[in-house]
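Asker: Could you have a look at this structure, given as structure tokens, before my questions?
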Amino acid sequence: MDVFKVVLTALLSVAALFIITKIMGHKQISQLDFFDYVCGITIGSIGAEMATELEEPYKPLIALCVYGLVSLLLNLLAHKLPKTRKYINGTPTILMNEGKIYRQNLKKSKIDLSEFMLLCREQGYFDLDEIQLAVFEHNGKLSILPKAAKRPATPTDLKITTKATHIGIEIIMDGRVMGENLSRLGRNEAWLDIQLKSQGYKSAKEILLAVYTPEEDKLTVYLNE
């Protein structure tokens, strides 16, 4: 009976964590600010406790909901009152600008010179002389603005005219026709058969992935090797 209760409470904690995380948004699982990080750890800890709490599982569930609610309220407060963001999320800090490294800002951000250089190398900058501006964001990421002479050349710099890039739509995946995507394009399987036969394929089962770009009227096929 205890085993059944553990399984049941574990499933309940998973469901509760999933629902709360979905409500809090993808930010909780991507770029975390300070409060989201603390809240995420606490919610995970409460969820684990809830999974094995057999006598009164509603107590950790209530705590779980309280933490989720507080996080939502603080995010709402930061959205409605921008001035509170620096207290809730923190503010970006300039670590380097025009060849000058700000030691006090490094100290404020709890970063030493070795860590700063590591963060620069992770961004692909092994020579600090290539950096115009380095900003330590509130989520722990380092944003770098390279010097104009060191940044990669763009088509605009080279005066090259480029075409807009369009997103393809998956028509076949793992040998299965994606009927919903076909309908969205105003196409049907008869049209798809004609397209495949024109490229020398007999059926969708031969194909791993087929992507259609409407703007170019192009069907790109990847074989199921």
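Asker: Looking only at region 216-225, filter to residues that are out of contact with any helix residue (DSSP H, G or I) (no Cβ under 6 Å at 6 or more places or on another chain) and closer than 17 Å to residue 191 by Cβ; which one of those is modelled with the lowest pLDDT?
Answerer: Residue satisfying both the conditions and the ranking: 216.
Asker: Can I ask one more? Here are some conditions: (1) surrounded by fewer than 13 Cβ atoms within 10 Å (Cβ to Cβ); (2) part of a strand (DSSP E or B). Residue 95 meets all but one. Which one does it not meet?
Answerer: (1)
Asker: Moving on. Among the residues of region 108-139, how many are under 15 Å from residue 90 (Cα atoms) and either of a type in the set (A, V, I, L, M, F, W, C) or at pLDDT 90 or above (or both)?
Answerer: Final tally of qualifying residues: 2.
Asker: Okay, moving on. Being in a helix (DSSP H, G or I), open to solvent by less than 70 Å² (accessible area, probe 1.4 Å), among the aromatic types (Phe, Trp, Tyr) and at pLDDT below 75, is that true of even one residue in region 13-26?
Answerer: The answer is no, given that none of the residues of region 13-26 is in a helix (DSSP H, G or I), open to solvent by less than 70 Å² (accessible area, probe 1.4 Å), among the aromatic types (Phe, Trp, Tyr) and at pLDDT below 75.
Asker: Do we have any residue at all in region 196-212 that's under 31 Å from the mean Cα position of the chain (by Cα) and of a type in the set (S, T, N, Q)?
Answerer: no
The values are calculated or read from the model by the stated rules, or taken from the named source; none is laboratory data. Note that this is a predicted model, so its numbers are computed, not measured. Neighbour counts are summed over all protein chains in view; Cβ atoms, including those assigned to glycine, are modelled from backbone coordinates with ideal geometry. In case anyone asks, the SASA skips ligands and DNA or RNA and just uses the protein heavy atoms, side chains included. Shrake-Rupley method; radii C 1.70, N 1.55, O 1.52, S 1.80 Å.
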